[in-house]
Amino acid sequence: MEVARQSKFVKNIIDTRKDAESPIVLEEVTGDVLAKIIEYCEHHKNGPLVNDDEHEVEPQRSDNILPWDKQFMEVDQDMLFKIMLASKNMDIKSLLDLGCKTVANMIRGKSAEEIRTMFDITDEFTDEEKEQSLKENEWAEAHKQG
């Protein structure tokens, strides 16, 4: 039961339902994704509780992923994004943070074109629109170089 309670969504259902035998419906969470989420929660069941403060003072870092967590997230992109979506819907902040850190590490140091290729994102801007955007945002490039 402690594993299931790591999800605030599931915890609230468990705490408020009258019929303990009724199933908990997790829409858009397939069995393979749920199995991964249970594996994560099982591994972290005795870990520290995640800070629920929405206004964290310190910025999140993506270079401090524990070895087990890093290996856990070595999945294909489809599974990675399904895990992230399910952890958001199930309100498992630590797993969603881990997914975000994993994606941040994937794109670190990559150009916009490399990121578009990596995630199969089509470039819908014309060459003229790209040029206009570069002119409008020269300050950002200058700041990045300085």
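Identify all lysines with a Cα-Cα distance to Lys130 below 28 Å; exclude those on the same chain that are fewer than 8 residues away in sequence.
Lys110, Lys144
Compute the signed sum of charges (Lys and Arg +1, Asp and Glu -1) over the other residues within less than 12 Å, Cβ to Cβ, of Lys88. Show your work: numbers first, answer last.
Details: positive: Lys8, Lys82, Lys93; negative: Glu28, Asp91, Asp97.
Residues close to Lys88 contribute a combined charge of 0.
Select from Ala112, Gly99, Thr122 the residue farthest towards the positive end of the dipole of segment 87-146; place +1 on Cβ of Lys and Arg, -1 on Cβ of Asp and Glu, and compute about the Cα centre.
The one lying farthest along the dipole's positive direction is Gly99.
Name the GluC sites (Glu not before Pro) in segment 76-146 that are in a loop by DSSP and that have at most 14 other C-beta atoms within 10 Å, would you? Each step should come with its number before you reach the end.
On the way: sites: Glu113, Glu114, Glu124, Glu128, Glu129, Glu131, Glu136, Glu138, Glu141; in loops: Glu124.
Answer in residue order: Glu124.
Taking the alpha-carbon centroid of each part, what is the distance from segment 70-146 to segment 20-40 in angstrom?
27 Å
Restrict the search to segment 73-146; then list the chymotrypsin sites (Phe, Trp or Tyr not before Pro) that DSSP places in a loop and that have at most 12 other Cβ atoms within 10 Å of their Cβ.
Values: sites: Phe81, Phe119, Phe125, Trp139; in loops: Phe119, Phe125.
Filter output for segment 73-146: Phe119, Phe125.
Read-outs: derived from the displayed coordinates by stated rules, not from any lab. Fair warning: this is a prediction, and the values are worked out from it, not measured in the lab. Using ideal geometry, Cβ is built from the backbone for each residue, glycine included, and neighbour counts are taken over all protein chains shown.
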